[in-house]
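Undergrad: I have a structure I would like to understand better, so I am pasting it below and will then ask my questions one at a time.
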Amino acid sequence: MFPTFARILVLPGLALVATTLPGHAIEVAKSAAVAALPAKVWQTVGDFCGIGTWHPAVEKCVVSQKDGKTLRTLSLKGGGTIVEEQVSRDDKVMTYTYAIVESPLPVSDYTSTLSVSPSDSGSKLDWKGSFKAKGAPDSVATDVISGIYDAGLKGIADKAK
């Protein structure tokens, strides 16, 4: 009798807990070799609003301050706006981290880090992010972010030459 009773109470409870748990974080990491010195590459990407000059999806970038935080508003080609907050930056190490505040992208809880380091061929550029899928399957959210990173890394490599 106890196993049946336990199944009646425990299994629905487990199902309820499983459906209320937040989604797991998805991580995307991309790297690119850039045929330029790290300082030159950082000059291209280190400006938080410089993304408007190297990412093909961004029509313009406007930087602002709110409550002591640095924000950038990205106007996308074809429409749409993304607002991102710079969370941290270290110009000596050539890295910054940002988080999405508002976005039409199928992600939530998004944070990302862009960094430049020396390599034999010039520089290594790393772009990695963590997020949860929102309103779309994990694979769709992953593909969207991967596409953004791939296009951006190519734009940086082209501009930094």
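The values are calculated or read from the model by the stated rules, or taken from the named source; none is laboratory data. Keep in mind the model is a prediction, meaning the values are calculated, not measured. Note: ideal-geometry Cβ built from the backbone for every residue, glycine included; neighbour counts use all protein chains shown. Please note that ligands, DNA and RNA were not included when accessible areas were found on the heavy atoms of the full protein model with its side chains. Shrake-Rupley method; radii C 1.70, N 1.55, O 1.52, S 1.80 Å.
Undergrad: Across the stretch 104-134, what is the total count of residues that are on the phi > 0 side of the Ramachandran plot and either in contact with a Ser or Thr (Cβ under 6 Å, 6 or more places away or on another chain) or at pLDDT 95 or above (or both)?
TA: At the first step, the residues of the stretch 104-134 found to be on the phi > 0 side of the Ramachandran plot are 109, 122.
Subsequent filtering for residues that are either in contact with a Ser or Thr (Cβ under 6 Å, 6 or more places away or on another chain) or at pLDDT 95 or above (or both) retains 109.
Residues in the stretch 104-134 being on the phi > 0 side of the Ramachandran plot and either in contact with a Ser or Thr (Cβ under 6 Å, 6 or more places away or on another chain) or at pLDDT 95 or above (or both): 1 in total.
Undergrad: In the stretch 139-157, how many residues are charged (D, E, K, R) and either on the phi > 0 side of the Ramachandran plot or touching a residue at least 24 places away in the same chain (Cβ under 8 Å) (or both)?
TA: Counting residues in the stretch 139-157 that are charged (D, E, K, R) and either on the phi > 0 side of the Ramachandran plot or touching a residue at least 24 places away in the same chain (Cβ under 8 Å) (or both) gives 2.
Undergrad: Something else now. Any residue at all in the stretch 129-138 that is buried (at least 16 other Cβ atoms within 10 Å of the Cβ) and either free of Cβ contacts under 8 Å to residues at least 12 places away in the same chain or under 25 Å from residue 91 (Cβ atoms) (or both)?
TA: So far as the stretch 129-138 goes, yes, one or more of its residues are buried (at least 16 other Cβ atoms within 10 Å of the Cβ) and either free of Cβ contacts under 8 Å to residues at least 12 places away in the same chain or under 25 Å from residue 91 (Cβ atoms) (or both).
Undergrad: Select from the stretch 77-119 the residues that are over 20 Å from residue 132 (Cα atoms) and in contact with an Asp or Glu (Cβ under 6 Å, 6 or more places away or on another chain) and write down the one among them that is most open to solvent (accessible area, probe 1.4 Å).
TA: Across the stretch 77-119, the extreme among qualifying residues is 77.
Undergrad: From (1) within 14 Å of the chain's Cα centre (by Cα); (2) open to solvent by less than 60 Å² (accessible area, probe 1.4 Å), pick out the condition that doesn't hold for residue 73.
TA: (1)
Undergrad: Just one of 154, 159, 124 is of a type in the set (Lys, Arg) and either surrounded by fewer than 17 Cβ atoms within 10 Å (Cβ to Cβ) or touching a Cys at 6+ places or on another chain (Cβ under 7 Å) (or both); which is it?
TA: 154
Undergrad: For residue 156, only one of the following conditions fails: (1) in contact with a helix residue (DSSP H, G or I) (Cβ under 7 Å, 6 or more places away or on another chain); (2) part of a loop (DSSP other than H, G, I, E, B). What is its number?
TA: (2)
Undergrad: If I filter the stretch 13-23 for residues that are modelled with pLDDT of 95 or more, open to solvent by 50 Å² or more (accessible area, probe 1.4 Å) and either among the β-branched types (Val, Ile, Thr) or under 18 Å from residue 111 (Cα atoms) (or both), do I get at least one hit?
TA: Step one: list which residues in the stretch 13-23 are modelled with pLDDT of 95 or more, which gives none.
No, the stretch 13-23 contains no residue that is modelled with pLDDT of 95 or more, open to solvent by 50 Å² or more (accessible area, probe 1.4 Å) and either among the β-branched types (Val, Ile, Thr) or under 18 Å from residue 111 (Cα atoms) (or both).
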